[in-house]
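The values are calculated or read from the model by the stated rules, or taken from the named source; none is laboratory data. Remember, predicted model here, so these are calculated numbers, not experimental data. Ideal geometry is used to build each Cβ from the backbone, glycine not excepted, and the neighbour counts take in all protein chains shown.
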Amino acid sequence: MSVPKLTAAVVADLIARYDALQNPVEVVHLIEFLRRDPPSLILEVGVWKGGNAAILGTYFPNARMIGVDVLTPDSPEVPGLRRVVAEFGLELVQGNTNHPETAEIVRTMVGDQQAGYCFIDAAHDYDSVKRDFEVWSPLSRRVGFHDVHNPSVLRYWLELCDFYGDHARTAALWKEMDGHGIGVVMT
């Protein structure tokens with residue numbers, strides 16, 4: 001499978017094809033950022049329909065992808081997830097993303113390997129986002145957050161990056177006027 005050209009139009013087509021809730025321009029920036037040090041292992045915390053996994057799998061076809069969600073490919077509310085699991089080899093772990101036991105299942109699957117990228121997109125309240133970071137960041141070098149436009153997600157992302165203090169983390173944020181926002185921090 002060849003990797004398509006990275007343009008907003010191509011990404012928009014992928015978003016439509018896999019029913020992802022993403023802004024194409026934000027995704028292009030994220031992919032460009034990740035290409036500087038391509039991940040060989042990608043974790044996605046909160047998979048839903050699998051659209052984001054399909055996009056990442058398209059641009060990083062050699063990466064192992066593990067997704068975590070309470071839903072399964074047979075859940076009626078996520079038609080298309082089974083297709084993404086089959087088409088991109090997404091290894092799906094069913095479990096609550098806030099529970100350390102779920103992360104331990106993934107840790108067992110990957111051994112000592114640390115993910116090159118972990119995308120947090122499960123529950124969007126402050127406590128859940130914070131807990132997801134606490135549970136999953138030890139398994140990854142870079143952690144991304146979706147829906148940074150959401151006040152709860154933004155609040156934690158800004159605290160985590162310590163934008164108001166003296167110890168800012170290396171971070172990147174892409175937010176288009178009509179987008180949900182993607183933020184990434186280095187762990």
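May I ask you to verify whether D178 is within 22 Å of I31 (Cβ to Cβ), in contact (Cβ under 8 Å) with a residue 40 or more places away in the chain and loosely packed, with under 15 Cβ neighbours inside 10 Å? Step through it out loud before you land on a result.
Values: within 22 Å of I31 (Cβ to Cβ): yes; in contact (Cβ under 8 Å) with a residue 40 or more places away in the chain: yes; loosely packed, with under 15 Cβ neighbours inside 10 Å: yes.
It is true that D178 is within 22 Å of I31 (Cβ to Cβ), in contact (Cβ under 8 Å) with a residue 40 or more places away in the chain and loosely packed, with under 15 Cβ neighbours inside 10 Å.
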Checking H149 against (1) in contact with a His (Cβ under 9 Å, 6 or more places away or on another chain); (2) in a helix (DSSP H, G or I): exactly one of these is not met. Which one?
(2)
If you go through P38, P73, P79, P61, the only one that is surrounded by 15 or more Cβ atoms within 10 Å (Cβ to Cβ) and either over 18 Å from W136 (Cβ atoms) or at pLDDT 95 or above (or both) is P73
Complete set of residues in region 1-33 that are crowded, with 19+ Cβ neighbours inside 10 Å, closer than 17 Å to D121 by Cα and among the hydrophobic types (A, V, I, L, M, F, W, C)
I15, A20, V27, L30
Filter region 123-145 for residues that are closer than 21 Å to L71 by Cα, part of a helix (DSSP H, G or I) and touching a strand residue (DSSP E or B) at 6+ places or on another chain (Cβ under 7 Å) and give the result.
V129, D132, F133, W136
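Does at least one position in region 44-56 carry a residue that is in contact (Cβ under 8 Å) with a residue 24 or more places away in the chain and assigned to a strand (DSSP E or B)? Outline the logic, then answer.
To start, the set of residues in region 44-56 that are in contact (Cβ under 8 Å) with a residue 24 or more places away in the chain comprises 44-56.
Add one more test, that the residue is assigned to a strand (DSSP E or B), and what stays is 44-45.
Yes: region 44-56 contains one or more residues that are in contact (Cβ under 8 Å) with a residue 24 or more places away in the chain and assigned to a strand (DSSP E or B).
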In region 41-59, what count of residues is obtained for those that are out of contact with any helix residue (DSSP H, G or I) (no Cβ under 7 Å at 6 or more places or on another chain) and among the hydrophobic types (A, V, I, L, M, F, W, C)?
2
Under 8 Å by Cβ, and 6 or more places apart or on different chains, what pairs join a residue from region 127-151 that is farther than 19 Å from V27 by Cβ with one that is surrounded by fewer than 22 Cβ atoms within 10 Å (Cβ to Cβ) and basic (K, R)?
L139/R107
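In region 106-163, how many are among the hydroxyl-bearing types (S, T, Y), more than 21 Å from L21 (Cβ to Cβ) and buried (at least 20 other Cβ atoms within 10 Å of the Cβ)? Before the answer, list the steps.
Quick first cut of region 106-163, residues among the hydroxyl-bearing types (S, T, Y) only: 108, 117, 126, 128, 137, 140, 152, 156.
Within this subset, residues satisfying the condition of being more than 21 Å from L21 (Cβ to Cβ) are 108, 137, 140.
Narrowing further to those that are buried (at least 20 other Cβ atoms within 10 Å of the Cβ): 140.
Qualifying residue count for the region: 1.
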If we ask which residues in region 84-122 are over 13 Å from V135 (Cα atoms), free of Cβ contacts under 8 Å to residues at least 60 places away in the same chain and either touching a His at 6+ places or on another chain (Cβ under 6 Å) or part of a helix (DSSP H, G or I) (or both), their number turns out to be 6
Among the residues of region 82-92, count how many are more than 21 Å from V28 (Cα to Cα), more than 14 Å from the chain's Cα centre (by Cα) and surrounded by 18 or more Cβ atoms within 10 Å (Cβ to Cβ).
1
